[in-house]
Each structure stands twice: as C-alpha cells, then as structure tokens.
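The values are calculated or read from the model by the stated rules, or taken from the named source; none is laboratory data. None of the values given here were measured: they were computed from a predicted structure. Methodologically, a virtual Cβ is constructed for each residue, glycine included, from the backbone with ideal geometry; neighbour enumeration extends over all protein chains shown. Heads up: the accessible areas ignore ligands, DNA and RNA and are worked out on the full protein's heavy atoms, side chains in. Shrake-Rupley method; radii C 1.70, N 1.55, O 1.52, S 1.80 Å.
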Amino acid sequence: HRATLLLDGRVLLVGGAGSGGPLACCEIYNPSTGVWSPTDSLGAPRLTDTITLLTNGLVLAAGGLNNADGILASAEFYNPATGKWSPTGSLGTPRHLHGAARLPDGRVLVVGGEGPRQTRTAIVRAAGIPRPVPLRSFGDGLNRLFGLILSLVNAKDGLLLIDEFENDLHPHMLEPIL
C-alpha cells in the first residue's frame, strides 16, 4: 500500500496487495482520534503505482499494475472533501515501479519505472527538451538515485525514512553516508 498525509492532517492509505493481487480499497486514518475509516475505492486496483498530494489538496494515483490490465497508464484523483476517486488523464507511457514528485509550480514529475516490455523509461519533459529523456541509458543506479531524490523532495520537514537503504545504493557509498 501507499500512504500520504492530507492537508487536514489525516492519512490516506491506498491499495496494496492481498491474496488475490492488487487491491482497490482505501482507508483514512485520523491521528487525533486514532480511528481508521473506509473511504471510496480506487477505480482500478493498483500496485507499485505512485500517489502524490497536489497543492489543491487532491491526491493523484498514477500508473501501477493490476491483474486485469497489466501495467497501467491510467490515473485518478482522490478528493478528500468528498471522499471520492475520479479518473483523470493518463500517463504517456504505462509504467509501474516509477517515482513521482510535485514540482514547485504544481505539476507532477513522473520518472523511471518499468513499462510493458519491462524496460526502464522516463517521461521527463521540460522547457527546451523536445522529448522525454531516456534515463534507461544510465542504468539502474541512476533510476534508484532519482527515486531517492524524488522522495526527498516530498519528505515532510526534510525527514525521509528509507527501508532497506542498503539495497538502493552501492555498498561503497554506505560508510560515508552513515
């Protein structure tokens, strides 16, 4: 599952994996009451997708995979005020295991991941760059580094918890960092 802190202090928990595969169910945790409550389910079950809190308070779920459709390009918004998910525009390329970050201007940067042919791809678009930058030519290490950077960009108060950190960096980098 994925979780994001909503603007009102509640936590949205999205999807995950069950015995039958990816889940569409979602829950809201209210830390002031300590209570979990069900909320609207995703339109499509998703696993290995991204969720991003937008500046307007909506939450974007993008890409991922599920049993019925394989790797997804679809995306949907969650509106905490209504408790409902709604479809939005799709990614240019189906992908899962990718990273996403909200940029200062409100746009969302989606990078890396695996596409339908299990290849690393990127959909980074910026002024002056006519087409996506092919990160796959730089190897897995750079894709993992971009994932860490994207996570740091979104880290609340500059605090980021990294599980299994040793799997994301080359061992010779651990000693200077730790």
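Over region 40-86, with a single point scatterer placed on each C-alpha, what log10 of the ratio I(q)/I(0) does the Debye formula yield at q = 0.24 1/Å? Result of the Debye calculation: -0.82. In the full protein context, region 2-76 carries 43 Å² of accessible surface per residue, based on a 1.4 Å probe and ignoring ligands, DNA and RNA.
Residue ranges 99-112, 7-20, 57-70 sort as 57-70, 99-112, 7-20 when ordered by packing (mean number of other C-beta atoms within 10 Å per residue, highest first). Counting only protein heavy atoms and using a 1.4 Å probe, what share of the accessible area of region 20-80 belongs to carbon plus sulfur, as a whole percent? Here it works out to 57 percent.
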